[in-house]
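The values are calculated or read from the model by the stated rules, or taken from the named source; none is laboratory data. The structure presented is a predicted model; accordingly, all values stated were derived computationally and were not measured. Ideal geometry is used to build each Cβ from the backbone, glycine not excepted, and the neighbour counts take in all protein chains shown. Note: accessible area is taken over every heavy atom of the protein model, side chains too, but ligands, DNA and RNA are not part of it. Shrake-Rupley method; radii C 1.70, N 1.55, O 1.52, S 1.80 Å.
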Number of protein chains: 4
Amino acid sequence: MPKIVDHDQYRKELLLKSFDLFAERGYGSITMRQLAQGLGVSTGTLYHYFPSKQALFLQLVEELDRQDLLNFLAEAGNPPTLTERIETMFNFVAKNEDNFCKQVLLWVEFYQQEKAELSRNKAFHSSWDKTTQAIADYLQVPDKAIADFVLNYLYGLLMRGIFETETISYPEQATLLSKILVAYLK
Amino acid sequence: MPKIVDHDQYRKELLLKSFDLFAERGYGSITMRQLAQGLGVSTGTLYHYFPSKQALFLQLVEELDRQDLLNFLAEAGNPPTLTERIETMFNFVAKNEDNFCKQVLLWVEFYQQEKAELSRNKAFHSSWDKTTQAIADYLQVPDKAIADFVLNYLYGLLMRGIFETETISYPEQATLLSKILVAYLK
Amino acid sequence: MPKIVDHDQYRKELLLKSFDLFAERGYGSITMRQLAQGLGVSTGTLYHYFPSKQALFLQLVEELDRQDLLNFLAEAGNPPTLTERIETMFNFVAKNEDNFCKQVLLWVEFYQQEKAELSRNKAFHSSWDKTTQAIADYLQVPDKAIADFVLNYLYGLLMRGIFETETISYPEQATLLSKILVAYLK
Amino acid sequence: MPKIVDHDQYRKELLLKSFDLFAERGYGSITMRQLAQGLGVSTGTLYHYFPSKQALFLQLVEELDRQDLLNFLAEAGNPPTLTERIETMFNFVAKNEDNFCKQVLLWVEFYQQEKAELSRNKAFHSSWDKTTQAIADYLQVPDKAIADFVLNYLYGLLMRGIFETETISYPEQATLLSKILVAYLK
DNA sequence: AATGAATGAGCGTTCATTCAT
DNA sequence: GATGAATGAACGCTCATTCAT
C-alpha cells in the first residue's frame with residue numbers, strides 16, 4: 001500500500017490553498033512552479049493531481065462556487081421580509097467582499113484568456129448560472145426582473161470595488177437598495 | 001511641425017485598430033507579432049511607436065475611454081427629466097454593448113495580470129474614475145448615492161452580459177430602473 | 001532456492017510481455033508508467049525487477065535474440081543442400097517477418113539513442129554477433145564471404161520491408177537467391 | 001530592409017550543419033538547445049527557421065536524400081557494363097559509408113519514434129522510394145527483381161556495418177556481387 | 001522610418017527514478 | 001514483494017524586446 005493519503009481530499013486541499021496564490025498574481029501570470037512552491041510541493045506532484053494548469057483552475061472555480069453557495073445558505077436562514085433578505089445578502093457579500101472581488105477578477109481574466117477553447121467546457125458558465133439562480137431563489141421576489149435587478153446591482157458593486165480608488169460602503173448601499181425596492185414594490 | 005502630427009496621428013490609428021485584435025484574443029494571449037501582423041506593420045515598427053506592450057495597451061485604454069465619453073456626450077444632449085437621461089444612457093450602452101463588454105473584459109484581464117507593477121501607473125484608475133464621474137454628472141441627480149446606484153446597476157449589467165448564457169434586455173431594464181427610481185424619488 | 005526461480009520466471013514473463021509494448025511505441029517514446037500499466041503492475045514493481053529502463057531493454061534484447069535463435073534451430077533441421085537451407089531460413093524469416101522487423105527497428109532506435117553510454121556494455125553487439133554467427137554456421141557454406149552475402153541480403157530485405165510502401169515477396173526472393181547462388185557455386 | 005541574409009540559403013546551411021549533430025547523439029537524444037549551440041545560434045533563431053524539431057529533421061531528410069542522389073549521379077557517369085555500374089555504385093557507397101550509416105540510423109530511429117503521427121506525412125517514405133527507384137534505374141538491369149536484389153544487399157551491408165564489430169570490405173563485396181550476378185545473368 | 005532576424009529567460013509539461021508505507 | 005505518491009531536472013517551444021541594416 002502506498003502512503004496513506006486520501007487522494008481526493010489532498011486534491012481539494014491543494015485546490016483551496018491555490019486560490020490565494022492565483023489571486024495574488026493572476027491566472028496568466030502565476031507559473032506552475034510558483035504555484036507548486038507556494039503549496040509546498042513539487043511541480044511533478046502538482047501534475048500528479050491535476051492534468052494541466054487550466055484543469056486545476058477549472059476545478060478551483062467549481063469548488064469555490066460550490067463552497068460560496070453552501071456558506072451563504074448555511075448562515076442566511078430565511079428572514080421573513082425582502083428587506084431583511086437583502087440585508088442578509090449584502091452583509092454576506094460585505095463580509096466576504098475581498099474574496100468575491102478576487103474571484104470575479106480571476107474568473108474574468110481566465111475567461112478572457114481561454115475563451116477560444118472554452119466553448120466546449122460548459123462548466124464555467126453553468127457554475128455561474130447556478131449561483132446566480134440560487135441567489136435569485138433565496139430572495140423570493142415575485143418578479144424575476146427584480147431579482148435580476150438586485151444581482152446586477154451586486155455585481156456592479158463588486159466591479160467598482162475593484163476599479164475605483166474610492167471604496168463604497170456596503171451597509172449604506174444595502175439600506176438604499178432596500179428603501180428603493182420597498183418604495184417600488186409597495 | 002508637420003512630422004509630429006503625422007507620427008501622432010498614425011500612432012492613434014494603430015491604437016484604434018489594435019482594439020479588435022486585443023479583444024479577439026485577450027491582452028495576455030495576443031503576441032506583439034500577431035498585433036503587428038494584424039496591423040499590417042512589422043514588430044519593429046510597433047516598437048517604434050510604442051515602448052512596450054503594456055504601454056501600448058495603456059494608451060489604448062486612455063484613448064478609448066476618452067472617445068467613449070466624447071461619443072456619449074455628443075449624442076446624449078441634455079434631456080430635462082431623469083427618466084429620459086437614464087433612458088438615453090441605457091440606449092447608448094445598449095447600442096455599444098458589444099464594445100463595452102470587450103472593454104471591460106480587457107481592462108479586467110489587464111489589471112489582474114499587471115496589478116503588481118501597476119501601482120505606480122495611476123493612468124488606469126484615473127481614466128476609469130473620470131468616466132464614472134462624467135456619467136454621474138450627466139445624470140444630475142442630487143444625491144451621489146443615487147448616481148452610484150445607477151452605475152452599479154450598469155456595470156453589473158455588463159458583467160452579466162459577459163458571463164451568463166441568457167442575455168438581458170437593455171430597454172426593459174432601463175424602463176424598470178426608471179420606474180423604480182421615480183417611485184423612490186417622488 | 002525456490003524463491004529465486006519464481007522471481008526469475010516472473011522477470012522473464014514481464015520481459016516477454018514488454019516486447020509488444022516497446023514495439024508499438026518505440027523505446028524512446030514509451031514511458032515506464034505505460035510499460036507498467038501495460039504489464040498490469042505498478043512502476044514500483046517494474047523497478048523491483050529491473051534496475052532501469054535501459055537494463056530492462058537490454059535484458060529483452062538478450063532474451064529475444066536467444067529465443068529467436070532457439071526457435072530457428074528447433075525447426076530448421078539440417079537439410080542436405082544449400083538451396084534447401086536457404087529456403088528454410090527464408091521461410092523462417094518470412095513467417096516471423098513482423099517480429100523481426102519490430103526487433104530491428106527497436107534495436108536500431110535503442111542503439112542510436114544510447115550509443116554514447118553503450119561502449120561499456122558489450123552485451124548488445126555480442127548478442128547480434130552471436131546470432132549472425134549461428135546463422136552463418138547453419139548455412140555451412142565453405143566460403144565465409146558467401147554467408148556474409150546471404151546475411152547482407154536478409155538484413156537488407158528487412159530494412160526494405162520497414163521503409164518501402166511496396167512489400168517484397170519472401171518466397172520469390174528466396175528462390176531467386178538460391179538460383180543465383182547455385183549458378184555461382186557450380 | 002533587415003539584415004541582408006538569404007533566409008532560404010541560411011536555412012539550408014543550418015540544415016546541413018545540423019546533420020553531424022543529429023548523427024552524433026541521435027534524433028531523440030539531442031535537444032534543441034544543444035542543436036542551437038552546436039550551430040552557433042540561439043534556440044529562438046532555430047525556431048525562426050524551423051517550426052519544430054520534427055520539421056527541421058524532416059527537411060534534413062529531404063535535403064540530404066536529394067543531395068546524395070545528385071552527388072551520385074554527378075560522378076557515376078554511365079558505364080557500359082553492369083559489372084562496372086555495380087562497381088561504381090559500391091565505390092560510391094564505400095566512399096560515403098560513414099555518411100550513409102549515420103543517415104540510415106537516424107532515419108530508422110526517427111521513423112520508430114514518430115511513426116504514430118507520420119502516417120499523414122508521406123515525405124519520408126516517398127523520399128526513400130525515390131532514391132531506391134533512381135538507383136534501380138541507374139543499374140539498367142532488365143529484371144526488377146535483380147535491382148531489388150542488389151539493393152537488399154546494399155542496405156544489408158549498411159546494417160551490418162552498424163551493428164557488427166567486424167567491418168566488411170566494400171570492394172571485396174562488390175567484386176563478389178559482380179561475379180555472382182554475371183554468372184547468373186549469363 | 002521601417003524591417004525582421006536574433007536573443008534567451010522562462011513557460012507548461014514530462015518522466016525515470018526513489019521511497020515511505 | 002508491491003504500491004503509487006513524490007521528485008526535479010530537463011524538454012520543446014514561445015515571445016517581448018533589441019538592433020543592424
Next item on the list: Could you list, in sequence order, all residues of the stretch D:118-136 that are open to solvent by less than 20 Å² (accessible area, probe 1.4 Å) and among the aliphatic types (A, V, I, L, M)?
Entry: D:118
Margin query: Here is a list: C:156, C:161. Which entry is at pLDDT 85 or above, within 20 Å of the chain's Cα centre (by Cα), farther than 18 Å from residue C:83 by Cβ and small (Gly, Ala, Ser)?
Written below: C:156
Checklist line | Within the stretch B:67-87, considering residues that are surrounded by fewer than 16 Cβ atoms within 10 Å (Cβ to Cβ) and over 17 Å from the mean Cα position of the chain (by Cα), the one farthest from residue B:184 (Cα to Cα) | finding: B:77
Checklist line | Selected residue (only one of A:33, A:11 is more than 14 Å from chain B (Cβ to nearest Cβ), near DNA strand F (Cβ under 10 Å from one of its atoms) and open to solvent by 80 Å² or more (accessible area, probe 1.4 Å)) | finding: A:33
Note to self: For the list (1) free of Cβ contacts under 8 Å to residues at least 40 places away in the same chain; (2) out of contact with any Phe, Trp or Tyr (no Cβ under 6 Å at 6 or more places or on another chain); (3) away from DNA strand E (no atom under 16 Å from the Cβ), I need the number of the one condition that residue A:85 fails.
What the structure shows: (1)
Notebook entry, point to check: Residues of the stretch B:20-30 being without any contact (Cβ under 8 Å) to a residue 60 or more places away in the chain and surrounded by 14 or more Cβ atoms within 10 Å (Cβ to Cβ), which ones?
Noted result: B:21, B:24, B:25, B:29, B:30
Next item on the list: Please state which one of D:106, D:46, D:73 is in contact with a helix residue (DSSP H, G or I) (Cβ under 8 Å, 6 or more places away or on another chain), within 16 Å of DNA strand E (Cβ to nearest atom), among the aliphatic types (A, V, I, L, M) and in contact (Cβ under 8 Å) with a residue 12 or more places away in the chain.
Entry: D:46
Checklist line | Set A:64, A:56: member being closer than 27 Å to residue B:115 by Cβ, open to solvent by less than 30 Å² (accessible area, probe 1.4 Å) and within 16 Å of DNA strand F (Cβ to nearest atom) | finding: A:56
Check: When you look at residue B:105, is it farther than 19 Å from residue B:173 by Cα, open to solvent by 70 Å² or more (accessible area, probe 1.4 Å) and either touching a Leu at 6+ places or on another chain (Cβ under 8 Å) or of a type in the set (A, V, I, L, M, F, W, C) (or both), yes or no?
Finding: no
Check: What is the residue count in the stretch D:121-140 for residues that are of a type outside the set (S, T, N, Q) and at pLDDT below 80?
Finding: 6
Item checked: Residue count, the stretch C:142-153 (criterion: among the acidic types (Asp, Glu) and open to solvent by 30 Å² or more (accessible area, probe 1.4 Å)) -> 1
Check: Is it fair to say residue A:21 is away from every other protein chain (no Cβ under 14 Å) and part of a helix (DSSP H, G or I)?
Finding: no
Check: Which one of the conditions (1) touching a residue at least 60 places away in the same chain (Cβ under 8 Å); (2) open to solvent by 20 Å² or more (accessible area, probe 1.4 Å) does residue D:90 fail to meet, given that it meets all the rest?
Finding: (2)
Checklist line | Matching residues in the stretch B:36-51 - criterion: being open to solvent by 40 Å² or more (accessible area, probe 1.4 Å) and within 14 Å of DNA strand F (Cβ to nearest atom) | finding: B:37, B:38, B:42, B:43, B:44, B:45, B:47, B:48, B:49, B:51
Notebook entry, point to check: Which residue, of B:139, B:181, is more than 20 Å from the chain's Cα centre (by Cα), over 25 Å from residue A:105 (Cα atoms) and open to solvent by less than 20 Å² (accessible area, probe 1.4 Å)?
Noted result: B:181
Note to self: Looking only at the stretch A:159-173, how many residues end up being in contact with a Cys (Cβ under 8 Å, 6 or more places away or on another chain) and open to solvent by less than 20 Å² (accessible area, probe 1.4 Å)?
What the structure shows: 1
Item checked: Exclusive hit being without any contact (Cβ under 8 Å) to a residue 24 or more places away in the chain and part of a helix (DSSP H, G or I), set C:59, C:9 -> C:9
Margin query: Among (1) open to solvent by 10 Å² or more (accessible area, probe 1.4 Å); (2) free of Cβ contacts under 8 Å to residues at least 12 places away in the same chain; (3) small (Gly, Ala, Ser), there is one condition residue C:156 misses while meeting the rest; what is its number?
Written below: (1)
